[in-house]
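> There's a structure below that I have some questions on.
Readers should treat all values here as calculations from the given coordinates under stated rules, not as data from a laboratory. Since we're looking at a predicted model, the values are computed, not measured. As a convention, Cβ positions derive from the backbone with ideal geometry for all residues, glycine included, and neighbour counts pool all protein chains shown.
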Amino acid sequence: MKCVFHETQRRHDPRHFLSSGAQKPNPEVPERVNRLLAGAENAGLERVAPRDRGVAPAAAVHSPEYLRFLETIYERWRRIPDASEEVVPNIHPDRRDFSYPASAVGQAGYHMADTACPISADTWESAYWSAQTAAEAAAMVLDGEKAAYALCRPPGHHAFADMAGGFCFLNNSAIAAQVLRSRHERVAILDVDLHHGNGTQGIFYARGDVLTVSLHADPARFYPFFWGHASERGEGAGLGYNLNLPLPRHSGDEVFLDQLDVALTRIAAFAPGAVVIALGLDAFEGDPFGGLSVSTDGFRMIGERCASIGVPTAIVQEGGYLCDALGDNLAAFLQGFRHAAAI
Ligand SMILES: [Zn+2]
C-alpha cells in the first residue's frame, strides 16, 4: 500500500483563526505532515509523489470562478493599502445568488465561509498539490491497487464547490470520488472526521451516484453548525443519498463503532464500486478540539471495519491535529485496514 504526498503541501502555513471570537494560532500547521508521514511509515506504507494532472481534477468538482479566486486572490489582496498579511474575510453576503463582487474584499467574503482558511502566498500551490495527491491515490485504485492513502494537507472536506472553510480549500475527498466515478457507476464517501464533511455533502447533495455518509460530533453546538444534522438527506436526484450520523459530544469507541456499523450498512445497500474514506483523526480523545473520545485502538477497529466494505478504497487524510498520538492514530487505522484487507 502506498502513501502519496508532495513536498509542496508543506508550504501553506496559516497564522491565525478566530475561535469563539478569540484569535488563536491556526492548528493546521505543516508539522502535521511529519507526524502523519511517520505514522504511514510505521504502518509499512511506501511513499510516492503524485503526478501533475493540471487543474482538471479540481475543476471536476469546483467552479471556474472559485479556482480563479484561489489562484489569484493573494496577489490582488496584497495590492490593497494596509491589507492584512493573509486573506481573511470581513464581510459576507446574506445570500450567495445575488451579485458576484468584483473586489478582492468582496470575493473573499463570497468564497470563504469563515476565518479558519486564511490564504497566504503559498496556499494555492499547497492546496493544488494536496488535490493532486488525492487524484493520484484514486488513480492507483483504478489501476488495480486495493487501497491507497493520500496524505492530503491542507485538508478538504469543508470546501464546497465554490467556498473555502475550516482549514480547507480544495475538496480532496470529492476530487478522489470524482476520479473513481470515471470507471465506477456508484462511489461512496465515508467521512469519519470529528467535524461534519459539509463541503463534500454540498458538492454531491443533488446527486444519486455518489453516496455521502458522515459521522461527526453533533453540530447543534459544534462546527460547522449549519450542516451535519440528521434531517439533511439530499435533494432532487440526491434525495436519500446523504446520511448524517451526529454523535453526542465526547462519545467514545463504543458509540462511534456502533454508528459506524449503521454507516456501513447504508453503504453496503448502495453497493458502490469504490469507496473514499475521508480520514479525520480529530475524533481522538486527546485531540486539541476535544469533541469526541475515540482511542488509538478505536482507530485500529475503524480501519478494520472500513476494509470490510471490500471494494477498492482511496483513503484521504482530513483533520487530526498536533498531539502525541497523531502519528500512532494514523498507523493504527492503516494497520487495522491492512490486516482486515490482507494487503
Ligand atoms: Zn475535523
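> Hey, rough spin-label estimate for Glu125 and Ser20, points 7 angstrom out along Cα→Cβ, what's it come to in nanometres?
3.8
> With θ taken as phi - 60° and the coefficients 6.51, -1.76 and 1.60, list the Karplus ³J(HN,Hα) couplings across segment 145-150 in order, rounded to whole Hz; mark glycine and proline as x.
5, 5, 7, 8, 10, 9
> I've got another one for you. Provide the per-residue ³J(HN,Hα) series for segment 256-267, in order, calculated from phi with Karplus coefficients 6.51, -1.76, 1.60 and θ = phi - 60°, each as a whole number of Hz, with x at glycine and proline positions.
Per residue, the Karplus-derived 3J(HN,Hα) values read 4, 5, 4, 6, 4, 5, 4, 4, 5, 5, 5, 5 Hz.
> Between beta-carbons, use under 13 Å as the cut-off and find the net charge around Leu70, counting Lys and Arg +1, Asp and Glu -1.
-4
> So, one more: Please report, in debye to the nearest 20, how large the charge dipole of the chain is about its Cα centre when each Lys and Arg carries +1 at its beta carbon and each Asp and Glu carries -1 there.
560
> What is the Cα centroid distance between segment 106-120 and segment 137-207, reported in whole angstrom?
Here the two parts' Cα centres lie 21 Å apart.
> Continuing with the same structure: Starting at the first residue of segment 41-52, write each ³J(HN,Hα) from the Karplus equation 6.51 cos²θ - 1.76 cosθ + 1.60 with θ = phi - 60°, in whole Hz, x for Gly and Pro.
Karplus-based 3J(HN,Hα) across segment 41-52 equals 5, 4, 8, x, 7, 9, 8, 9, 9, x, 7, 8 Hz.
> Most mobile of Arg305, Arg76, Arg35 per a Gaussian network model of the chain (Cα springs, under 10 Å)?
Its mean-square fluctuation being the largest, the pick is Arg76.
> Compute the angle between helix 296-307 and the longest alpha-carbon principal axis of the chain, please, reported from 0 to 90 degrees and rounded to the nearest 10.
That helix lies at roughly 80 degrees to the long axis.
> Also, I was wondering about something else. Averaging sequence separations of C-alpha pairs under 8 Å and six or more residues apart, then dividing by the length of segment 61-141, give the relative contact order as a whole percent.
Relative contact order for segment 61-141 comes out at 31 percent.
> Go ahead and set up a Gaussian network model of the chain, Cα springs under 10 Å, then flag whichever of Thr313, Thr265, Thr296 fluctuates most.
Maximum fluctuation in the GNM of the chain, among the listed residues, is at Thr265.
> Counting other Cβ atoms within 10 Å of each Cβ, which chymotrypsin sites (Phe, Trp or Tyr not before Pro) in segment 42-149 have at most 13 and sit in a DSSP loop?
Phe98
> Ignoring the sites themselves, what is the longest stretch of the chain with no GluC sites (Glu not before Pro) in a DSSP loop and at most 15 other beta-carbon atoms within 10 Å?
Result, exposed sites excluded: 236-343.
> Relative contact order, percent, of the chain when contacts are C-alpha pairs under 8 Å separated by at least 6 residues?
18
> May I pose another question? With springs connecting C-alpha atoms under 10 Å apart, model the chain as a Gaussian network and identify which of Asp94, Asp324, Asp114 has the largest mean-square fluctuation.
Asp94
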